[in-house]
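Data block below; observations after.
Each value in this text was obtained by applying a stated rule to the coordinates, not by laboratory testing. Since the model is a prediction, treat every value here as computed from it, not as a measurement. In this analysis, Cβ positions are derived from the backbone assuming ideal geometry, glycine residues included, and neighbour counts consider all displayed protein chains.
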């Protein structure tokens, strides 16, 4: 550990210089009445972000389906009302939004229009924006990286063209709305590849021949499309399991010609029964340092979450406090985004209720509800302060 720390220390000056590459973003217009406060380099040198991609549906349910949700408004003890004002008051300075190609829900949650609307609200509230392209109609993660239905049957060249077109289309819409994202993910938790089967890296027989070259071509199509609209945006390749040594993944991606400006990791420190959260936090910190040192770029924790149940609240708050205290001291860490903190452990999106799915509620948010309001817990305070 001491050797790794010494190596990390020699990179401090370089990492500080890298941090200066961040650019501000802002926008105009929209419904949210939070004061305009354009993000500056100082405010996003370390991102304390929130992925609130479910927020549109939750706000819709507050008005149209109150029986599905545990409150009629987001509020805090300071008198703030509305999700973005509550998050800002808790120290959140950035918003992450996922993009699906053709969402299952007829309301289009996480589709282009929804993302533009939510991103515009974030920019007008003075918050930086990250865009997370899944290149799928549903969640893309280590268990599934399904090709959008409209893209099925296309060969590699055809898929690359669709990736570029979709990326440019969404980002151009954001630009027209006055939103300049600081970071753009090209794929979500892509350790097994993307756009299966063409961009798949492994199957039950092992590594797939040609998989890495296909994956690199697909992710590079996204990278180039991002730069064509927002040249200064940092393009992120995002994988899961921050507690694991993931240098092998980026070695292979680089060898295949893959391009990225920043590495993204997911970290859920209370989900591995064979490791304590303290051990998982420590491993994640070491891996952030080693990845930054090896590849000469900053690392973003694109997702984090801890258990949000009454019995776990004290441990979860301590876990989050210790992790945030560690990462915020690292100049090579660009920030951390809490995944869907506004969820109270009871609400679930309508697409989870399909008979062939019937998934339970997400239990790693950072809010609670009392039937009247949905309010932050101590977990959000630990994350944001």
Spin-label proximity, residue 312 to the range 343-369 - amide N less than 19 Å from point 7 Å beyond Cα toward beta carbon: 343-349, 359-369
Segments 246-253, 134-141 sorted - mean Cβ within 10 Å per residue, highest first: 134-141, 246-253
Inter-centroid distance (Cα atoms) of the range 203-271 relative to the range 347-385, Å: 29 Å
Paramagnetic reach from residue 272 (point 7 Å along Cα→Cβ, amide N under 19 Å) across the range 215-241: 238-241
Sorted peptide list for 200-207, 48-55, 255-262, criterion being average Cβ within 10 angstrom, highest first: 48-55, 255-262, 200-207
Residue order, fewest to most beta carbons within 10 Å, for 267, 64: 64, 267
Order of 98, 117, 357 - criterion: other Cβ atoms within 10 Å of each residue's Cβ, fewest first: 357, 117, 98
Inter-label distance, nm, simple model (7 Å from Cα along the C-beta direction), residue 45/residue 117: 3.7 nm
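Find how much the distance from residue 294 to residue 329 grows on full extension, using 0.36 nm per residue of separation minus their present alpha carbon separation; answer in nm with one decimal.
Gain in length upon complete extension: 10.7 nm.
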Pair residue 169, residue 156: separation of 7 Å Cα→Cβ label points (nm): 2.4 nm
The chain - percent relative contact order, Cα under 8 Å, separation 6 or more: 20 percent
Gain upon complete extension [residue 104, residue 81; 0.36 nm per residue less C-alpha separation]: 5.3 nm
MRE, 222 nm, helices only [DSSP H, n ≥ 4, -39500 (n - 2.57), over the chain, to nearest 500]: -11000 deg cm²/dmol
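Report for the chain the percent antiparallel among DSSP-assigned beta bridges with both residues inside it, nearest 5.
Working: 8 of 44 bridges.
Bridges in the chain that DSSP calls antiparallel: roughly 20 percent.
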Cα→Cβ-extended label distance, 7 Å offset, between residue 248 and residue 60, nm: 4.1 nm
